[in-house]
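Undergrad: If you scroll down you'll find the structure; I have some questions about it.
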Amino acid sequence: MIPLWKSVSAITSQRLRRLALDGGWVWIALPLAIIYVLGVSMQGLFSTDFTPARPYQVAVAGGDASTSPVIEAMIASPDFFSVDLVADEDDARASVLARRSDAAVIVPPDDAEQPFRVIAPPGSVVLEIVGGVLRKEIEALHGAEDAEAEKASDPNAPPSSQLSSFEYFGVGIMIMFLMFTVHSMMVYSVGDRSSGAYGRIRTLGVSRTAYLVAGYAAAFVVGVIFAGVMALATRIIFGVEWGDPLAWTAVTLAGAAGVASISFLIMATMPPRPKAVESAGSTLIIIMSMMGGSTVPLAVLPSWFADTFAWLPNRIVLDGYFAIAAGGSLAEVAGKVALLLVVALCLLLAGWSISVVRAKGEA
Amino acid sequence: MSTIRRIATMAAMSVYRTYRSPGDLLWILVMPVVMSFVLSMWFGGFGESAAAGGPVVYDNPRGDDRLDSFPALRATFAVFLIFCLTALITRAGNIHEERKGGTLARTLACGIPYRDVVAAHVVSIGVTGVIQAALVLSITGILGFDWLAAGWSALLLPTAVALFACAGIAVGIVGFVRNEGHLQLIVGAGPSLLAMFGGAFFPLDGAPANIQRLTVVNPIYWSMEALDGGFVYQGIASQTGPLAILILVGVLGIVLGVQGLRRMEA
């Protein structure tokens, strides 16, 4: 019988070599390209001094539109709004429908207790901006607190809200591809079964336990190496700040262990076919990435949604990296690291139990 | 056997194989429906802060309350487009698998002309897309998405023409890309990147002006414009321009792709 450590290290190093030779550069180049695309596309929305590429065309009608101080405030922001006064609400609406205007504002009569009305496509940025500006100006007229300014200087704002788009997606996309890379190791494991390599290895005296441990170890090591390479690449190319190296190492090790355990559980549960394991893993990873804030910024998600899925392992890793990037130390992320290790252990034990049951009868 | 019947038989078999495979069904049907729900949860209330009342209220351009759910519909349509393009490129790539596996050589040895094989592939790509569209839109519709809020034409025109454009793109790609690895890379990253650059999920208002200009060559952007035109703006009058561009993309893709596939025959 070959010693456990020897067979584990031999299988692990073979898998790493295989990944490196089997188009390994794509695993680095593709996430970097996506970080670039998302970073460039979303930088305006992450910036506090966002200005649209061209001013929004806003048709204004109703009441005393020409003298309303609220509308005057819009006219005084030529970088944001180009205001056209039109005859009535029908003209304003027709202007939006014909796309001559991005939005329309219907001013209520001076003596009426009616609200301002914004006409714009549902879900559009112009709707949010025009509505926000109107609300702010009306509240200012009524002497209300400047809620927006208060919100902007909120010391309790989450770390993710203080990042640039490159910093956010540098971390988020790295975690998503960390899961993909780690999972590819498990697909290799299953591929060995279908190609007959597993059977041949077993006849040479490698135990089933050694084979499974090697699969997990290869996934874990690849995860750590991938995270290290990506951290370096994003630091050099996009200037992503990863914070305290010690805390980063702790989160990375615990994160790689957690992600490897998820893949191990998928491998143990799915039929032993590479395509099935790959499809199930890809599906789960894409869904987890979207729910866990990797591909969609947490600030865009409704707060109830972001809170509901805060327990996902990839989300814990994301929060851990953001906390470190915001200046957090090892002590501050110790709780997240411990939680990740517990989750990793539980998933690994679950996967192991399933694979033991399924392997009954195997020599 | 007549040419049309031969092409129809080959195309039908090809479509049957696609929809019989659990792995393909996962990507063609299950994932789009699941992702639609996830995204609809995010985008469903994107305009609510302005619509909530108080000193400012919100109204959509048509003044129809049913259209307030449009952000969720838009996100779902974008998900459908991504998975449609992914499925069609994957389906189109089967011709190279058949070549590699020897099936194509055996088919040609049986006396079936190569042009019939290519025609059957193009037809099967289109039919696969039509079935996918019908299933995804019907299932999401049954589960509560108000697809007919702006009438049939608002939905059917963008869906049919975007499908044609996607089929054209798929044929165009496989006409020139034979390497399986390269095709996988295009399938994995292409549709998502097109959707992101086309403003399908996130508005491009915050993007630099040059990125915004790039959208004129992006079929996903024009598909979303066609949908916006039908649901939010002036209906068919607003849809005509985007639909014409999508038809052009589809025709160009099919013509170039078929030429590429015929070159392979030579």
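No lab work stands behind these numbers, since they all come straight from the coordinates. Model, not experiment: these values are computed from the prediction. Because the Cβ atoms are built from the backbone with ideal geometry, glycine has one as well, and the counts that use them run over all protein chains shown.
Undergrad: Between A:GLU139 and A:SER353, what is the FRET efficiency for a Förster distance of 56 Å, r being their Cβ-Cβ separation, to the nearest 0.05?
TA: Values: r = 59 Å, r/R0 = 1.05.
So the FRET efficiency works out to roughly 0.45.
Undergrad: Report, as an integer, the average count of C-beta atoms from other chains found within 10 Å of each Cβ along A:326-335. All intermediate terms of the calculation are to be shown ahead of the outcome.
TA: Numbers: counts 0, 0, 0, 0, 0, 0, 0, 0, 0, 0.
What the average comes to for A:326-335 is 0.
Undergrad: Taking 7 Å along the Cα-to-C-beta vector as the label spot, tell me the B:ASP146-A:ALA334 distance in nanometres, rounded to one decimal.
TA: 5.4 nm
Undergrad: Pick from B:PHE145, B:PHE83, B:PHE164: which is most flexible by mean-square fluctuation in a GNM of chain B where alpha carbon atoms under 10 Å apart are linked?
TA: B:PHE145
Undergrad: Same structure, new question: Based solely on its DSSP helices, what 222 nm [θ] is calculated for the protein assembly as shown when runs of n ≥ 4 H residues each add -39,500 (n - 2.57) and the sum is averaged over all residues, nearest 500 deg cm²/dmol? Could you put the intermediate results ahead of the total?
TA: Values: 27 runs with 438 residues, N = 629.
It comes out at -23000 deg cm²/dmol, rounded to the nearest 500.
Undergrad: Using a 10 angstrom cutoff on alpha carbons, build the Gaussian network for chain B and name the most mobile of B:TYR58, B:TYR221, B:TYR19.
TA: B:TYR58
Undergrad: Taking only Cα atoms and a 10 Å spring cutoff, compute GNM fluctuations for chain B and point out the largest among B:ALA226, B:ALA189, B:ALA119.
TA: B:ALA189
Undergrad: Now for a separate question. Longest exposed-loop-site-free stretch of chain A, with trypsin sites (Lys or Arg not before Pro), DSSP loop and at most 14 other Cβ within 10 Å? Don't skip to the answer; put the middle values down first.
TA: Details: sites that count: A:ARG100, A:LYS360.
Formally, the longest exposed-site-free interval is A:101-359.
Undergrad: Within 10 Å of each Cβ in peptide B:207-213, how many partner chain Cβ atoms are there on average? Round it to a whole number, please. Don't skip to the answer; put the middle values down first.
TA: Working: counts 7, 5, 3, 2, 6, 4, 1.
Taking all residues of B:207-213 together, the mean is 4.
Undergrad: What nm distance separates the two modelled labels at A:TRP311 and A:GLU113, each placed 7 Å from Cα along Cα→Cβ?
TA: About 4.7 nm, to one decimal.
Undergrad: Follow-up question, since we're still on this one. With an 8 Å cut-off on Cα pairs and a minimum separation of 6 or more residues, tell me the relative contact order of chain A in percent. Don't jump to the answer; show the numbers that get you there.
TA: Working: 467 pairs, mean separation 68.0, N = 363.
It comes to 19 percent, rounded to a whole number.
Undergrad: If you average the C-alpha positions of segment A:23-100 and of segment A:220-289 separately, how far apart do those two centres end up, in angstrom?
TA: Taking the Cα centre of segment A:220-289 as reference, the centre of segment A:23-100 is 37 Å away.
Undergrad: Still on this structure, please answer the following. Membrane-span-like helices in chain A: DSSP H runs reaching 30 Å or more (Cα, own axis), mean Kyte hydropathy at least -1.0? Don't jump to the answer; show the numbers that get you there.
TA: Working: long enough: A:24-46 (33 Å, 1.71); A:165-195 (43 Å, 0.87); A:208-238 (44 Å, 1.70); A:245-269 (36 Å, 1.56); A:330-358 (41 Å, 1.94).
Correct list, ordered by number: A:24-46, A:165-195, A:208-238, A:245-269, A:330-358.
Undergrad: Determine, from the Cβ-Cβ distance of B:ALA105 and B:VAL251 and an R0 of 41 Å, the FRET efficiency 1/(1 + (r/R0)^6), rounded to the nearest 0.05. Let's see the in-between values first.
TA: Values: r = 30 Å, r/R0 = 0.74.
The formula returns an efficiency of 0.85 here.
Undergrad: Rounded, prolate or oblate: which fits chain B when a ≥ b ≥ c are the square roots of the eigenvalues of the alpha-carbon gyration tensor, with rounded for a/c under 1.5 and prolate only if a/b beats b/c?
TA: Values: a/c = 2.25, a/b = 2.01, b/c = 1.12.
Prolate, since a/c reaches 1.5 and a/b exceeds b/c.
Undergrad: Moving to a separate point now. Need the full-extension length gain, A:THR249 to A:SER82, defined as separation in residues times 0.36 nm minus the C-alpha distance. One decimal, nm. Spell out each step's value before the answer.
TA: Details: separation 167, 0.36 × 167 = 60.12 nm, distance 5.08 nm.
So the chain would gain 55.0 nm between A:THR249 and A:SER82.
Undergrad: Further, regarding this structure: For segment A:237-340, state which chymotrypsin sites (Phe, Trp or Tyr not before Pro) are in a DSSP loop and have at most 12 other beta carbons lying within 10 Å of their beta carbon.
TA: Numbers: sites: A:PHE238, A:TRP242, A:TRP248, A:PHE264, A:TRP304, A:PHE305, A:PHE309, A:TRP311, A:TYR321, A:PHE322; in loops: A:TRP242, A:PHE309, A:TRP311.
Within segment A:237-340, the qualifying chymotrypsin sites (Phe, Trp or Tyr not before Pro) (loop, at most 12 other Cβ atoms within 10 Å) are A:TRP311.
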